[in-house]
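The values are calculated or read from the model by the stated rules, or taken from the named source; none is laboratory data. Computed from a predicted model, the values in this text were never measured in an experiment. Using ideal geometry, Cβ is built from the backbone for each residue, glycine included, and neighbour counts are taken over all protein chains shown.
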Amino acid sequence: MAKPVSIEVWNPNGKYRVISTKSMPGTRWINLLIQNDCRLEICTEKKTILSVEDIIALIGDKCDGVIGQLTEDWGEELFSALSRAGGKAFSNMAVGYNNVNVDAANKYGVAVGNTPGVLTETTAELAASLSLAAARRIVEADEFMRAGLYDGWLPHLFVGNLLKGQTVGVIGAGRIGSAYARMMVEGFKMNLIYFDLYQSTRLEKFVTGMFLPTYGAFLKANGETPVTWKRASSMDEVLQEADIISLHPVLDKTTYHLVNKERLAKMKKEAILINCSRGPVIDEAALVEHLKENPLFRVGLDVFEDEPYMKPGLAELKNAIVVPHIASASKWTREGMATLAALNVLGKIKGYPVWFDPNRVEPFLNENAQPPAAIPSIVNAKALGLPSSKL
Ligand SMILES: NC(=O)C1=CN([C@@H]2O[C@H](COP(=O)(O)OP(=O)(O)OC[C@H]3O[C@@H](n4cnc5c(N)ncnc54)[C@H](O)[C@@H]3O)[C@@H](O)[C@H]2O)C=CC1
Ligand SMILES: O=C(O)C(=O)CO
């Protein structure tokens, strides 16, 4: 018998029972659910990561939909429990859904939602922050100050790397990778090289059409060298040429340990590696060894292979900056993620069609208007044969 899990209840007489496994920022998501006849139960357990058993206890005998978190293991057990309780709607409060077994969801006919778009710029800004912090050794310098070690300006004190004119490499040039690339090219006049399995028309349209011709002419007119860009034919080309490399692919079988010992060895000795995607994209034990052997190589990590843990040795290394998976943590974004996750579940319960383009979710985020009668983003819509909204 599973232990009962503590909850907070909103709109107790609502017709549809919706669970959120965590409290989420903002109130719009709560209001949207309760205004649409949902009884909302928010788990208030103190522990950070809920077990499968905890979530089964939350689902109980009757549950129409669940909003869950990327720390939870949504597989066969949870989808069968949700389906037994009559539920056909689940949404991750995240764009990444590597914690979800979509085949299991398909088997039980459960729609799986995610939250694309609303976190693109916020996540790219954290990757840019880590790039700057690593290049200019900001964390090390901050620790030095606080330790009372500063006794005057010195020519060699915390000398780092200049970004301007260097090459930024992006691996996985989707929504976030492209936004990061633009920030680094536009903001710091870096040259760009990217690798993706597919041509990134989103990024190429920007660099070829809207930005580089005029920006290049402007730089030239001011006696500066125009920035350049190219799509690499292999990931190794990026590793060899770039001074800063930022990882933004999804985590799947093709990207597990994408950066391993051999690939680290291909990077420049003074390169900077940023990871705001998922921890297992890097072989973290190999990274620790590489950082030890190459003190001028620096890394900025938001995600870790065995979250919430770090591989032994990482925390002691001065050439590593580590932050606790906060890339999407701006107030606007987190409230928007909560809204999208709630609307994914609500829309499926209501039988709405799936929104025509998960890259354009702004209409759902306008606080001054009712959201469209559609489901913002369902990753298995095709497999389940869900109708699509055509606006
Ligand atoms: N640290 C954090 O808090 C956050 C992490 N993320 C992670 O970032 C990922 C990307 O998010 P979006 O940009 O919105 O997704 P997206 O789907 O727009 O972009 C992912 C890109 O990766 C590419 N890709 C897939 N396999 C590849 C491979 N083997 N080699 C090179 N490229 C490959 C895809 O073609 C696609 O262009 C998410 O799946 C999530 O895991 C997202 C938001 C916040
Ligand atoms: O959305 C995601 O995938 C995250 O990692 C958290 O924002």
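I'm checking my understanding of the structure. Among residues of segment 318-349 that are charged (D, E, K, R) and surrounded by 16 or more Cβ atoms within 10 Å (Cβ to Cβ), which one is nearest to ligand 2 (Cβ to nearest atom)? It would help to see each step written out before you state the result.
Residues of segment 318-349 charged (D, E, K, R): 318, 331, 334-335, 348.
Still in the running and surrounded by 16 or more Cβ atoms within 10 Å (Cβ to Cβ): 334-335, 348.
Details: 334: 8, 335: 13, 348: 19 Å.
Top of the filtered list is 334.
Only one of (1) at positive phi; (2) within 10 Å of ligand 1 (Cβ to nearest atom) fails for residue 223. Which number is that?
That leaves (2) as the condition not met.
Would you check if residue 178 is of a type outside the set (Asp, Glu) and touching a Phe, Trp or Tyr at 6+ places or on another chain (Cβ under 7 Å)? Let's see the steps before the verdict.
On the way: of a type outside the set (Asp, Glu): yes; touching a Phe, Trp or Tyr at 6+ places or on another chain (Cβ under 7 Å): no.
No; evaluated as a whole, the condition is false for this residue.
For residue 241, which of the numbered conditions (1) more than 15 Å from ligand 1 (Cβ to nearest atom); (2) under 23 Å from residue 94 (Cβ atoms); (3) in contact (Cβ under 8 Å) with a residue 60 or more places away in the chain fails to hold?
(2) is the only condition that residue 241 fails.
Restricting to segment 365-382, what's the tally of residues that are within 16 Å of ligand 2 (Cβ to nearest atom) and either outside any loop (DSSP other than H, G, I, E, B) or assigned by the TED database to the domain that holds residue 200 (or both)?
The qualifying residues number 2.
Do the conditions hold for residue 348, that is, is it basic (Lys, Arg) and touching a Lys or Arg at 6+ places or on another chain (Cβ under 7 Å)? Outline the logic, then answer.
Working: basic (Lys, Arg): yes; touching a Lys or Arg at 6+ places or on another chain (Cβ under 7 Å): yes.
Yes: the conditions hold for residue 348.
Of the residues in segment 158-175, how many are in contact with a Phe, Trp or Tyr (Cβ under 9 Å, 6 or more places away or on another chain), within 15 Å of ligand 1 (Cβ to nearest atom) and either among the charged types (D, E, K, R) or assigned to a strand (DSSP E or B) (or both)?
3
If I go through segment 4-23 residue by residue, how many of them are more than 19 Å from residue 308 (Cβ to Cβ) and assigned to a loop (DSSP other than H, G, I, E, B)? Before you say what the answer is, go through the steps one by one.
First, the residues of segment 4-23 that are more than 19 Å from residue 308 (Cβ to Cβ): 4-20.
From the residues that got through so far, the ones that are assigned to a loop (DSSP other than H, G, I, E, B) too are 4-6, 11-15.
Of the residues in segment 4-23, 8 are more than 19 Å from residue 308 (Cβ to Cβ) and assigned to a loop (DSSP other than H, G, I, E, B).
Could you tell me whether segment 360-372 includes any residue that is within 16 Å of ligand 1 (Cβ to nearest atom), modelled with pLDDT of 95 or more and closer than 21 Å to residue 87 by Cα?
Checked against the condition, which is being within 16 Å of ligand 1 (Cβ to nearest atom), modelled with pLDDT of 95 or more and closer than 21 Å to residue 87 by Cα, segment 360-372 yields no hits at all.
For segment 121-163, name all the residues that are surrounded by 11 or more Cβ atoms within 10 Å (Cβ to Cβ) and basic (Lys, Arg). Before you say what the answer is, go through the steps one by one.
Start the filter on segment 121-163 by keeping residues that are surrounded by 11 or more Cβ atoms within 10 Å (Cβ to Cβ), which leaves 121-144, 150, 157-158, 160-161, 163.
Answer for segment 121-163, where residues must be surrounded by 11 or more Cβ atoms within 10 Å (Cβ to Cβ) and basic (Lys, Arg): 136, 137.
Answer with yes or no whether residue 344 is modelled with pLDDT of 95 or more, of a type in the set (S, T, N, Q) and within 16 Å of ligand 1 (Cβ to nearest atom). Step through it out loud before you land on a result.
Numbers: modelled with pLDDT of 95 or more: yes; of a type in the set (S, T, N, Q): yes; within 16 Å of ligand 1 (Cβ to nearest atom): yes.
Judged against the criteria, residue 344 is a match.
Looking at the structure I just gave you, is residue 281 surrounded by fewer than 17 Cβ atoms within 10 Å (Cβ to Cβ) and within 16 Å of ligand 2 (Cβ to nearest atom)?
On the way: surrounded by fewer than 17 Cβ atoms within 10 Å (Cβ to Cβ): no; within 16 Å of ligand 2 (Cβ to nearest atom): yes.
Answer is no for this residue.
I'd like to know if segment 35-45 contains one or more residues that are in contact with a strand residue (DSSP E or B) (Cβ under 6 Å, 6 or more places away or on another chain) and within 15 Å of ligand 2 (Cβ to nearest atom).
no
Would you check if residue 303 is in contact with a Cys (Cβ under 9 Å, 6 or more places away or on another chain) and either without any contact (Cβ under 8 Å) to a residue 60 or more places away in the chain or outside any helix (DSSP H, G or I) (or both)? Spell out the reasoning first.
Numbers: in contact with a Cys (Cβ under 9 Å, 6 or more places away or on another chain): yes; either without any contact (Cβ under 8 Å) to a residue 60 or more places away in the chain or outside any helix (DSSP H, G or I) (or both): yes.
Taking the combined requirement at face value, the residue satisfies it.
To keep it simple, each residue is scored yes or no on (1) among the hydrophobic types (A, V, I, L, M, F, W, C); (2) under 13 Å from residue 118 (Cα atoms); (3) in contact with a Leu (Cβ under 6 Å, 6 or more places away or on another chain).
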residue: 305; (1), (2), (3): no, no, no
residue: 317; (1), (2), (3): yes, no, yes
residue: 341; (1), (2), (3): yes, yes, no
residue: 366; (1), (2), (3): no, yes, no
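Considering each residue of segment 102-127, count those that are farther than 14 Å from residue 66 by Cβ, of a type outside the set (Val, Ile, Thr) and within 16 Å of ligand 2 (Cβ to nearest atom), and give that number.
8
Could you check residue 345 against (1) assigned to a loop (DSSP other than H, G, I, E, B); (2) not assigned by the TED database to the domain that holds residue 97 and say which number it fails?
Residue 345 satisfies every listed condition except (1).
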